[in-house]
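Single-structure report; data block below.
The values are calculated or read from the model by the stated rules, or taken from the named source; none is laboratory data. Just so you know, these numbers come straight off a predicted model, no measurement behind them. When we count neighbours, we look across all protein chains shown, and the Cβ atoms used for this are built from the backbone with ideal geometry, even at glycine. What goes into the accessible areas is simple: the full protein's heavy atoms, side chains included, and nothing from ligands, DNA or RNA. Shrake-Rupley method; radii C 1.70, N 1.55, O 1.52, S 1.80 Å.
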Amino acid sequence: MARGGGELIREHMSGKFIIPREELMHPGHSACPGCGEPIAMRLLLKALGPRTVMNVPAGCCAVIPGVWPRYSLKIPLIDHAFECTGATSSGIRAALDAKGMNDITVVGWAGDGGTVDIGLQSLSGAIDRGTDFLYVMYDNEAYMNTGSQCSGSTPWGAWTTTTPGGNEISHRTGKKRILEMLVENGISYAATVNIAFPEDLIKRAQIAQSIRGPKFLHILSPCPSGWKMDPSKTVEVAKLATQTGMFPLYEYRDSQYQFTEEIKDRKPVEEYLRLQRRFRHLSPTQISEIQNLVDNRLRELDARMEASRK
Amino acid sequence: MYETYRDLPPIQITTESTKGNQTGTWRTFRPVIDLDKCDRCYTCWIFCPDVSIIVEEEGDYPSIDLIHCKGCGICANDCGPGAITMEREPL
Ligand SMILES: Cc1ncc(C[n+]2csc(CCOP(=O)(O)OP(=O)(O)O)c2C)c(N)n1
Ligand code: SF4
Ligand code: SF4
Ligand SMILES: [Mg+2]
């Protein structure tokens, strides 16, 4: 059987914690079984530690940290309207500054819809203001909390309730290039990370934490109900997303782009697509079209990296 | 806890942790660990979305918090030596 992260981690000594031990999330939260988001949230908090404040908009991110009167995170958290993540983070930072508290990491945590579509203006404003915070976009590739509507981050060809046959017309050029948009906007540090590569996720989060100014992490976060897949496959599918080049891992740091996980022996996208019934309707021609899209995207990224090194 | 709306705090503040939610009742399949096969890589502990794999001390074998485990099966799918099997809960 193909494994998710197992073989990666088994190279290490047994009986040792290879990621921080401290637990900043309680069990009993309300995520669906097998959801990628609490994995991402738990790993991120392990990386950042308890001196962290988080703010979340509408989305599954608003229910996973706890449905009133209960909380699942052991850090302060503020819930706010859908489009306000960047603005709220700026406000929290200003309040902490006024109180002279400068050892706190402020995290704005929002979904893909809440980031690439509705929260984009507020995020852009926070970058423009130079707010010292970490913006994390967990990407489940649709508006999942309201039952799977297409977002600007839905990959071409995926079924959603608003693209019942896959997105035939829109998104032919793929997902919005949010990371590159934010680089142009003036972000200090940005990286894509993946729950199936936990050590890398923790490393990128800690690099981001060490840099002042606005930072951005884009985390791939599979959604078993919206992606129509077996909940036990979450980590396996996430890993395939990177191994097939559908979700390359790279960062932007000190004005340079670089891959953070080299893709050796890249697998065909079909291996990733066929584990998810949201892609079931695709014809062989459409699958090769997605393969082309991914090949082009990786060439474009290569060129971008080359250019940034000059 | 709050008798009427007048008793509510001025803004909604959470007062207790989600540990009180018995999400284990959602489960259809239960993970069972065969400790003879387990090599303590802690992959299951790293990936469990529900903080339901317990490893008290470094070096310990993992165990499962069945009060909260939702039975997603990630631990079984990703366990390298295949030490975890998912068994149907009795009806
Ligand atoms: C202004 C506004 N419009 C619409 C909604 C309804 N709504 C709540 S959550 C949600 C989906 C959020 O999608 P995303 O940001 O991708 O997060 P996900 O639910 O996928 O985790 C929508 C549309 C809202 N709460 N506020
Ligand atoms: S993943 Fe498997 S081998 Fe590794 S600690 Fe868990 S049960 Fe043991
Ligand atoms: S079945 Fe899922 S929730 Fe239960 S212990 Fe395994 S990974 Fe955690
Ligand atoms: Mg989403």
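Among the residues of the stretch A:168-198, write down those that are in contact (Cβ under 8 Å) with a residue 24 or more places away in the chain, more than 18 Å from A:Thr154 (Cβ to Cβ) and more than 15 Å from the chain's Cα centre (by Cα).
A:Val183, A:Asn185, A:Gly186, A:Ile187, A:Ser188
Does the stretch B:37-78 hold any residues that are over 18 Å from B:Lys19 (Cβ atoms), touching a residue at least 24 places away in the same chain (Cβ under 8 Å) and more than 7 Å from chain A (Cβ to nearest Cβ), and which are they?
Answer for the stretch B:37-78, where residues must be over 18 Å from B:Lys19 (Cβ atoms), touching a residue at least 24 places away in the same chain (Cβ under 8 Å) and more than 7 Å from chain A (Cβ to nearest Cβ): B:Lys37, B:Cys38, B:Cys44, B:Tyr61, B:Pro62, B:Cys75.
When you scan the stretch A:214-261, how many residues do you find that are out of contact with any strand residue (DSSP E or B) (no Cβ under 8 Å at 6 or more places or on another chain) and either within 14 Å of another protein chain (Cβ to nearest Cβ) or open to solvent by less than 10 Å² (accessible area, probe 1.4 Å) (or both)?
16
Residue check: is A:Ala94 assigned to a helix (DSSP H, G or I) and open to solvent by 50 Å² or more (accessible area, probe 1.4 Å)?
It is true that A:Ala94 is assigned to a helix (DSSP H, G or I) and open to solvent by 50 Å² or more (accessible area, probe 1.4 Å).
Identify all residues within the stretch A:33-58 that are assigned to a strand (DSSP E or B) and either of a type in the set (Phe, Trp, Tyr) or under 16 Å from the mean Cα position of the chain (by Cα) (or both); write none if there are none.
Within the stretch A:33-58, A:Met54, A:Asn55, A:Val56 qualify.
Which pairs turn up if I take residues in the stretch A:52-80 that are within 9 Å of another protein chain (Cβ to nearest Cβ) and farther than 17 Å from A:Pro33 by Cα and look for partners that are away from ligand 2 (no atom under 16 Å from the Cβ) and of a type in the set (D, E, K, R) with beta carbon separation below 6 Å, at least 6 apart in sequence or on another chain?
A:Arg70/B:Glu16
Just one of B:Pro31, B:Pro81 is open to solvent by less than 70 Å² (accessible area, probe 1.4 Å), over 21 Å from A:Met229 (Cα atoms), touching a residue at least 40 places away in the same chain (Cβ under 8 Å) and within 14 Å of ligand 2 (Cβ to nearest atom); which is it?
Of the residues listed, the single one that is open to solvent by less than 70 Å² (accessible area, probe 1.4 Å), over 21 Å from A:Met229 (Cα atoms), touching a residue at least 40 places away in the same chain (Cβ under 8 Å) and within 14 Å of ligand 2 (Cβ to nearest atom) is B:Pro81.
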